[in-house]
1. Please determine, by comparing only the residues of region 373-395 that are touching a Leu at 6+ places or on another chain (Cβ under 8 Å) and β-branched (Val, Ile, Thr), which one is surrounded by the fewest Cβ atoms within 10 Å (Cβ to Cβ).
2. Given the criterion in a strand (DSSP E or B) and of a type outside the set (Asp, Glu), identify the matching residue among 279, 299, 316.
3. How many of the residues making up region 323-339 are open to solvent by less than 60 Å² (accessible area, probe 1.4 Å) and either over 17 Å from residue 79 (Cβ atoms) or of a type in the set (A, V, I, L, M) (or both)?
4. Which pairs turn up if I take residues in region 105-123 that are farther than 11 Å from residue 175 by Cβ and modelled with pLDDT under 95 and look for partners that are open to solvent by less than 10 Å² (accessible area, probe 1.4 Å) and part of a helix (DSSP H, G or I) with beta carbon separation below 6 Å, at least 6 apart in sequence or on another chain?
5. Name the one entry in 263, 267, 294 that is without any contact (Cβ under 8 Å) to a residue 24 or more places away in the chain, on the phi > 0 side of the Ramachandran plot and not in a helix (DSSP H, G or I).
6. Somewhere in region 8-19, is a residue among the β-branched types (Val, Ile, Thr) and outside any helix (DSSP H, G or I)?
7. Just one of (1) of a type in the set (Ser, Thr, Tyr); (2) more than 14 Å from the chain's Cα centre (by Cα); (3) part of a loop (DSSP other than H, G, I, E, B) trips up residue 340, so point out which.
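The values are calculated or read from the model by the stated rules, or taken from the named source; none is laboratory data. Just so we're clear, the structure is a prediction, and the values are computed from it rather than from any experiment. Every residue, glycine among them, receives a Cβ derived from its backbone with ideal geometry; neighbour counts consider all protein chains shown. Only protein heavy atoms, including side chains, enter the accessible area calculation; ligands, DNA and RNA are left aside. Shrake-Rupley method; radii C 1.70, N 1.55, O 1.52, S 1.80 Å.
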Amino acid sequence: MKNKLQTGYFGEFGGAYVSEELKRELDRVYEEYLRLKKDKDFRAELAVLRHTYQGRPTPLYYCRKLSEQTGGADIYLKREDLNHTGAHKINHCIGEVLLAKHLGKKTVIGETGAGQHGLALATACALLGLNCRIFMGETDVKKQAINVRKMQLLGAEVVCVSSGGKTLKDAVDAAFEEYSRTYEESLYCIGSVVGPHPYPVIVRDFQSVVGREARAQFKRLKGGLPDAVVACVGGGSNAAGIFSAFLSDKSVKLYGAEPLGRGTGIGDNAASVAFGTPAVLHGFRSLVLQDKDGEPAEAYSVASGLDYPSVGPEHAYLHAIGRAEYVGVTDEEALSAFRTLSLSEGIIPALESAHAVAYALKLAKELGRGKSIVVNLSGRGDKDVEFVLNEYFRE
């Protein structure tokens, strides 16, 4: 099936299922984005901020002890946890807020689950002088209290969403409702490669810096390419970013680690590729977890940033054509990897990223010695330490 990228589709997935008024606004956003993408001054400003403010390029780190303990393939981490604010989210947030300024917007709207997108967006708004409203499910507000306080310290208004399951999907619902009323003076800066066109393209493009760096760094270090690239997938922004540089390299296997949570039942996981069916949610068509009545099902994961009942349309397309494989990782496996990486390398990963680490540990044994895996360590686990210790690792 042809990839109709120019019209906002990846095969049969994508599109913009919104009102005509909002679609006209999104077309204007995309037109300005395409203009800025070619503008040397915009590109230079973004490059300077990435280098001097974010701390790019982030390093590619060889996990010597972890690789030796695993006894299989060598494991490398793309250290997105070392970005300012502690995750890959700042990559697209700086870009989106710059875009909002060029569009003449005064306010940006965002949603967040684990708080990393909200924190990065609040940071970018503080830096660039825009107002910021972050919608966050009540469950996640309690679970990620430290990130809520950080967002507020940075001047953002955090709107607690108490409807539905009180998690990421409900935050997205509320943010889209707000944007549909206020788009003339605001821009919705979405937190993943989801939503109506052009968001999946814009966010993927801003995140592609991760893949470009990782590919070049590995080639300099080893003289070739890795055998596999692994990234966690909820909506899928960090995975889309690192996968983008390797899509044409058929020798490189791409793996998206989905949250299998507590199991395969409805409401027990957020593995949209494994258990979803094609449907429209939040203005785009993709694979969606649905209940017996055909409504979006409640998604669950121990990682707040992964409990979304759909996946970015490009991931649905990569799955459909067989270019990427999407694998399930349980809460138990992710928590074990969280502790293992902390003890073996002194690196505390975000619970989201721990899903990718967990699958890499399994894959390393399967591939064996002489092979190599690059894991996108999308965020650090500061935000998760108290929750994990209190809920799971109490002595």
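1. 388
2. Every option except 279 fails the conditions.
3. We begin by selecting, within region 323-339, every residue open to solvent by less than 60 Å² (accessible area, probe 1.4 Å); these are 323-324, 326-331, 334-335, 337-338.
This time we only want the ones that are either over 17 Å from residue 79 (Cβ atoms) or of a type in the set (A, V, I, L, M) (or both), so: 323-324, 326-331, 334-335, 337.
Total meeting the criteria: 11.
4. These pairs meet every condition: 113/140; 113/304; 114/304; 115/147.
5. On the way: 263 fails: without any contact (Cβ under 8 Å) to a residue 24 or more places away in the chain; 267 fails: without any contact (Cβ under 8 Å) to a residue 24 or more places away in the chain.
Every option except 294 fails the conditions.
6. First pass over region 8-19, keeping only residues among the β-branched types (Val, Ile, Thr): 18.
Then keep just the ones that are outside any helix (DSSP H, G or I); that gives 18.
Yes, because at least one residue in region 8-19 is among the β-branched types (Val, Ile, Thr) and outside any helix (DSSP H, G or I).
7. (3)
For (1) within 15 Å of residue 355 (Cα to Cα); (2) hydrophobic (A, V, I, L, M, F, W, C); (3) surrounded by 23 or more Cβ atoms within 10 Å (Cβ to Cβ); (4) modelled with pLDDT under 95, each residue gets a yes or a no:
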position	(1), (2), (3), (4)
253	no, no, no, no
257	yes, yes, yes, no
270	yes, yes, yes, no
278	no, no, no, no
285	no, no, no, no
306	yes, yes, yes, no
309	no, no, yes, no
312	no, no, yes, no
316	no, yes, yes, no
